[in-house]
Structures are given as structure tokens and as C-alpha cells.
Amino acid sequence: MLRRTVLLAPLALLPLVSFAFVQERVKPKAADDFPKCLETAQKAWHEERYGECLRQLQNATGLAATKRVEAIKASLPAAPAGYKIAPEKNTANQANPFVGAVTAGLGSVVTQRYNPIERGGGQAINVTVTADSPLLQMFRMWVANPAMLPAGSELIKYGAHNAVLKKEQGGQKRNLQILIGNSLVDVNWPNADEDALLAMWNQAAVDKLDRTLNR
């Protein structure tokens, strides 16, 4: 009888032990603060903790990249007639060391989608802005020489900025690529209405985006 009691006692305690582990709650990590990241990086620098210094600088770059994405999105043209801007995706995930490192090397990539208001109203307009990318040098050389443009392409001038308008899918769609400094705007237009495309992306629209990209 004694032996049976000894064996059952530890078993009776198992549910209590498991229950204690289930009750552990993990609080979400607090968001990084830009001035705090710089302060911590500076402190790590003086203490010769260069790995921590780099991590904090990458955190700060990620935070700045998030704000830059928000500013670029706010500078994009309003939706044309018959379209609406798609719900904005959360950009908080850009504030992390990985994105900070990628942004420093490749630039920021911002996307905006304009959906038809009515069902069956056609396909969406998709805009991608690649800001501050060192990989745009080849495109710059290509645009600078109209003879290098493929058949069905047209060079368009926006003041100091060059753009290429291309026919796609047998002339049913259009693609507009605008070079603004070290940034590229890529517009995929769902139909052949060039007047509507160039009305959306007129000189004022390019100038507004230019001011945001170069400040």
C-alpha cells in the first residue's frame, strides 16, 4: 500500500507542473527608438563594442527606411478615375537590422497598388519605386541613348528627368519607367490608354515625388 502511494504522488503533481508552464506570458518587444539607437551606438563605439555599434546603426537605418517609405507613398499620385488606392500594408517590419542593412546596400523599394472601384472594372495599376539604388546605372546609360531603346518604346522628358514608355502584351498594356535622380519609378498600366497614364504621371506628379526622394 505504501509503495502505491509513493508512485502516485509524483503523477498527481504533473498536471500542476504543466499548468505552471502554460501560464507564462511573453510581452512583445518594445519598438526601437531612433535617438536611443544612435545614443546606444555612440556609447558602444566609445567602448569599442563595434558589433553592438553596427547593430544599433542598422536598427536606426531600418527606422529611417520605414519613415522614408511612408513619405514616398504619401508623394505618389492620387488614384485616377475609376480606381482606388489599395489598403496600405504595415511597414513596421522594415524597422529591423536586416532591412537596415539591405536598404544601405540596395535602396528602398516602395510599392503602391490602385484597384478598380467596380468589380470587373479591369486590372489594377501597379507602381514600384526603387529609391537610392546603386543598381540603376545601367538603366541610366540605356535611357541616355535613345538608339538603344527597344522597338515600340518612346523616350519621354520630364524636365531634367527621362522616362521610357513601352508597349506590352501586343500593345494592350503600357509600362512607364521614370528615372528620378538615383531612383526609378516603374508603372505597370493595365490598358492602352496612354493619355490617362500620362495624366496621372504628369510633370507635377514627377516634381512632387522628386522633392521627396531628394530631401
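The values are calculated or read from the model by the stated rules, or taken from the named source; none is laboratory data. Just so you know, these numbers come straight off a predicted model, no measurement behind them. Heads up, the Cβs are rebuilt from the backbone with ideal geometry, glycines too, and the neighbour counts pull from every protein chain shown. All accessible areas refer to the heavy atoms of the entire protein, side chains included, with ligands and DNA or RNA removed. Shrake-Rupley method; radii C 1.70, N 1.55, O 1.52, S 1.80 Å.
Tabulated data for the structure shown
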item	result
Heavy-atom accessible surface of region 115-187: percent carbon and sulfur, 1.4 Å	51 percent
Other-chain or far-sequence residues with amide H under 5 Å of N191's (modelled H)	R174
Total formal charge among the other residues, if their Cβ is under 15 angstrom from that of A131, Lys/Arg +1 and Asp/Glu -1	+3
Built amide H within the under 5 Å cut-off of A79, gap 5+	I85
Radius 12 Å from Cβ of A160, net charge of other residues (Lys, Arg +1; Asp, Glu -1)	-1
Region 106-215 shape via C-alpha gyration tensor axes, a/c threshold 1.5	oblate
Cβ-derived FRET efficiency at R0 30 Å, A199 paired with E88, nearest 0.05	0.80
Karplus (6.51, -1.76, 1.60) ³J(HN,Hα), θ = phi - 60°, over region 47-59, in Hz, Gly and Pro reported as x	8, 6, 9, 6, x, 5, 4, 5, 4, 5, 5, 5, 4
Nearest-10 value in Å² for the accessible area of W189, using the 1.4 Å probe	10 Å²
Probe 1.4 Å - accessible area at R174, Å² to nearest ten	20 Å²
Net charge of neighbours whose Cβ lies under 15 Å from the Cβ of K84, counting Lys and Arg as +1 and Asp and Glu as -1	+1
Projected label distance in nm at K173 and A78, using a 7 Å step from Cα toward the beta-carbon	2.7 nm
